[in-house]
Each structure stands twice: as structure tokens, then as C-alpha cells.
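Notes follow once the structure below has been shown.
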Amino acid sequence: MYHPLSDVDGQRMEEVGHSLLLAGRLKVMLPSLYDTSLHRWNRYVLGEKYSEEVKRRHPKSKAEKKHDNNSFNLITSVHESEARVLDSDLEPEHVFEVTLEPDTYTNDKFALFSNYQRHVHHETDSDITREGFKRFLCGSPLHRHADATNGKPLGSYHQCYRLDGRLIAMGVLDLLPHAVSGVYFLYHSDFEKWSFGKLSALREAALALEKGYEYYYMGYYIHCCKKMRYKGDYKPQYVLDYYTWEWDVLDDEMRALMDRRKYASMSVERTRKARAVDGPPAHEDGDNTNGSSHIAKDTSAEPDHQPPEEEDDTKEEPTRYPTPLAASRSKLSLLDLGMPGVLTLAQVRATVDLDSMKLRLSGRAGSNVHEMREIVSWDDGSETEPGSIKGQVAEFAAAVGSEVAGSVVMDFSRG
């Protein structure tokens with residue numbers, strides 16, 4: 001079970017819930033502006049003198065030039081200006097290096113983070129702390145190691161961009177057996193004009209292609225946020241439906257749905273349309289006051305994360321806690337916040353046997369696995385008390401669903 005973490009860029013929660021994006025199986029198709037952005041950066045790094053000397057030493061035929069002008073090789077273009085691939089006896093204008101490093105804390109990384117948060121998200125000194133940075137983007141619980149079958153790196157990493165030895169940008173990546181997941185990206189304000197959001201997406205897609213990862217996850221997509229619109233330029237692109245765990249194509253129909261709704265779910269939309277077409281007419285005597293009809297259905301095979309029974313097509317409930325900070329300060333359980341894709345209390349009780357969920361209390365090899373009911377203080381709290389053990393276990397189960405909750409062992413031996 002993998003679910004990326006994000007502070008969703010400080011956006012309002014009602015603008016967030018709809019989508020985690022995926023560029024499907026890396027058949028990446030890009031508009032020409034991405035080729036242009038990458039070309040501009042490479043030209044800046046290399047400089048005119050270097051480029052002219054390369055042309056003189058390695059002249060190309062007309063056919064080769066025509067081919068270069070009419071084609072775009074993602075991997076070649078991404079690495080074109082890196083110091084490690086350049087002619088060793090030619091000196092570029094700048095030395096550009098990109099390295100994949102452990103997601104550990106350094107002062108340089110924190111300085112970059114501070115600059116980014118101030119200039120892009122307009123945070124103040126009191127908002128930006130070393131501990132906050134460490135908690136958010138360093139020391140992920142994902143274990144770093146090499147895949148046993150092909151040696152590709154797995155775990156959490158920082159992809160660091162350095163120009164003339166200076167850290168100018170950094171991608172926070174989770175490398176999974178099946179995907180490269182872009183968790184967060186930050187760059188220094190001095191380099192704002194170079195479209196590093198686009199450059200980083202190209203590089204991360206190239207990493208997925210080179211190392212044999214199957215997919216590239218581009219992270220959260222907020223449809224009304226202009227800074228995130230570039231994610232939709234990649235094709236084929238898919239959006240995760242948190243109610244069914246299915247991927248829907250990000251096409252014109254999906255975009256239109258996102259324009260109309262704060263959280264777009266194709267499964268909910270299909271249910272709405274089915275009710276409108278197949279449902280019996282409203283009673284003439286007015287017994288059905290809201291004009292809707294209820295259709296009996298077999299729910300035995302439906303997913304853990306159920307959509308609401310009925311939703312008003314024209315009106316959506318206001319968000320009680322519109323920002324992540326407000327939600328955190330509310331002290332409410334995750335089960336009470338109404339987040340899309342999270343089981344309700346009733347669904348947890350109906351589908352998850354919390355008492356039988358497994359835990360390990362000791363980190364020693366071969367230590368016993370216990371059931372939650374064996375904890376002395378297990379019955380001292382309720383499912384909706386975040387401070388109690390039962391409340392924390394219930395939140396975990398609500399977030400991952402009944403199938404995962406029933407098959408994992410929670411390790412309480414680690415602080």
C-alpha cells in the first residue's frame with residue numbers, strides 16, 4: 001500500500017481531493033513547449049562557445065539536422081548538458097550535475113527549501129523550521145535498497161540539481177518497484193524563469209524510462225491551481241478515483257467534471273447518470289420530496305471506499321475545515337473529517353475487525369505478533385479518539401481500507 005504525502009501546497013482542502021495523476025506506462029507524449037524549455041536550459045548551461053565548438057568537431061549532415069529538428073529524444077535531451085556526458089576537453093559555460101542522493105537533511109537543502117517556501121508559497125520565518133522540513137521531506141520510512149532482480153534503486157531519495165557546485169533545485173522522489181513517484185519539487189528563486197517544474201517532470205519521466213519503472217506518478221493535481229496545470233499536458237494521463245481505486249483517463253470529459261465539482265469521481269458520476277436514466281419516476285403524491293429514487297443493488301463486490309449514497313447534482317456541502325492546518329487544529333479524527341477515499345466510522349465498523357488487527361511490540365527477530373484486543377488499554381478509547389490506540393488504529397484502517405488493514409502487522413516497536 002503506497003500513498004504519497006503532501007502538504008498540497010497550502011491549497012484549500014475542497015480544491016484538493018480529486019486527483020493523483022499517473023503518466024501511463026511511459027508512452028510519454030509532450031507538447032513542443034517542453035522540448036523548448038529543455039533546449040533553452042541546455043543552451044544556457046553549455047553556452048554558445050561550447051555549442052559552436054561541438055558543431056565544428058562533430059558536423060552533421062542535412063539529413064541528421066532535419067531528423068533532429070523533427071524529433072525529440074527525451075533521455076538524450078535530459079542529459080545533454082550534464083557535466084558527466086560532455087567532451088572532457090571542452091569547457092561549458094556552467095557545470096551542471098544531477099545526482100540521486102539519500103533523503104537526509106543538510107543545511108544546503110534546508111536553505112533551498114526556505115527560499116522556495118518564501119518565494120513560491122509566501123511563508124514567513126515562523127512557518128519555516130528545520131524540524132518541519134525534516135518531518136516533511138527527509139527521513140522517509142521507505143527503506144532504500146536495490147531491487148533484487150534488476151538492481152534499480154528503491155526507497156526515498158533526493159534528486160539534487162547543482163549548477164557550478166550550488167544546489168539550485170531538488171526533487172523528492174519515492175522509487176517504487178512499479179513507479180517513480182514525484183512527491184515534491186523545489187527550486188531557488190534565482191532560477192524561476194527556467195521552468196523547473198517542467199524540467200523536473202521530464203527528468204523524472206526519463207528516470208522511469210531508463211531504469212525500467214513501469215509508471216511515473218506526478219503527484220497531486222489541483223485542477224483550479226494554475227501552477228499544476230502543466231501536469232495535464234502529459235499523455236496518456238490518468239486520475240485515481242478514490243472510491244473505486246480505478247484510474248480514469250484525464251480527457252475533456254474529466255476536465256469538464258473537474259470544472260463543475262470540487263472532487264471529481266467518474267464512478268460517482270456514472271452512478272448519478274444511471275439513477276437519472278434507470279430510476280423510476282418520482283411519486284406523484286410527493287412522498288419522495290427530493291425527487292430522487294433509490295435502486296436496490298448488490299454491494300458484495302464493491303470497493304472499500306464507498307461514495308455517498310446520494311449527492312446533490314447542483315449543490316455541495318461547504319468544507320468544515322478548509323485548510324490542512326485548520327483540520328489539524330480541529331483535533332477531530334480522520335473518520336470525522338469527510339475526506340474523499342477515507343472510510344467512514346460506519347464503514348470501518350462494517351468491514352474491519354479492529355480487535356483482530358495484528359501488531360508487533362518488540363523489534364527483536366522472531367518476536368510475537370499479537371491482536372489489538374490483547375493490549376491492556378485497547379478498550380480505554382473509541383475509534384474517533386485520535387489520542388487513543390484504538391483511535392489511531394481506526395484512522396489507519398480508514399485510510400488503507402479493509403483488505404490492507406486485515407493483512408498487515410502494525411509495528412509498535414519503532415518510535
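Some notes on this structure:
- From the options D190, D174, residue that is farther than 25 Å from F72 by Cα, modelled with pLDDT of 95 or more, in a helix (DSSP H, G or I) and not basic (K, R): D190
- Test result for K152, free of Cβ contacts under 8 Å to residues at least 60 places away in the same chain, out of contact with any Asp or Glu (no Cβ under 8 Å at 6 or more places or on another chain) and among the charged types (D, E, K, R): no
Okay, residues lined up against (1) over 30 Å from E123 (Cβ atoms); (2) modelled with pLDDT of 85 or more; (3) surrounded by 15 or more Cβ atoms within 10 Å (Cβ to Cβ); (4) of a type outside the set (K, R):
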| residue | (1), (2), (3), (4) |
| --- | --- |
| H305 | yes, no, yes, yes |
| T319 | no, no, yes, yes |
| S333 | no, yes, yes, yes |
| R360 | yes, no, yes, no |
| G366 | yes, no, no, yes |
| S377 | yes, yes, no, yes |
| A394 | yes, yes, yes, yes |
| A397 | yes, yes, yes, yes |
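- Selection over the stretch 55-95 of residues that are open to solvent by 60 Å² or more (accessible area, probe 1.4 Å), over 21 Å from A205 (Cα atoms) and touching a helix residue (DSSP H, G or I) at 6+ places or on another chain (Cβ under 9 Å) gives a count of 4.
- Among strands (runs of 3 or more DSSP E) entirely within the stretch 206-274, having at least 1 residues that are crowded, with 18+ Cβ neighbours inside 10 Å and among the hydroxyl-bearing types (S, T, Y) singles out 215-220, 237-241.
- Near pairs, Cβ below 9 angstrom, 6+ apart or cross-chain, from the stretch 102-126 (within 22 Å of F191 (Cβ to Cβ)) to any residue that is open to solvent by 50 Å² or more (accessible area, probe 1.4 Å) and aromatic (F, W, Y): F113/F136
- When A350 is tested against (1) part of a helix (DSSP H, G or I); (2) in contact with a helix residue (DSSP H, G or I) (Cβ under 8 Å, 6 or more places away or on another chain), exactly one condition is not met: (2).
- Qualifying residue in the stretch 29-40 (condition: outside any helix (DSSP H, G or I) and surrounded by 15 or more Cβ atoms within 10 Å (Cβ to Cβ)): yes
- From the list L90, L112, L100, the lone residue that is among the aliphatic types (A, V, I, L, M), more than 30 Å from the chain's Cα centre (by Cα) and modelled with pLDDT of 90 or more is L90.
- Residue list for the stretch 380-406, restricted to those being within 11 Å of S333 (Cβ to Cβ) and assigned to a helix (DSSP H, G or I): K390, G391, Q392, A394, E395, A398
- Within the stretch 79-122, the set of residues being part of a helix (DSSP H, G or I) and out of contact with any strand residue (DSSP E or B) (no Cβ under 9 Å at 6 or more places or on another chain) comprises V85, N107, F110, S114, R118, H119.
The values are calculated or read from the model by the stated rules, or taken from the named source; none is laboratory data. The structure displayed is predicted, hence computed values, not measured ones. Reconstructed Cβ throughout: ideal geometry from the backbone, glycine too, with neighbour counts over all protein chains shown. For accessibility, only protein heavy atoms count, side chains too; no ligands or nucleic acids. Shrake-Rupley method; radii C 1.70, N 1.55, O 1.52, S 1.80 Å.
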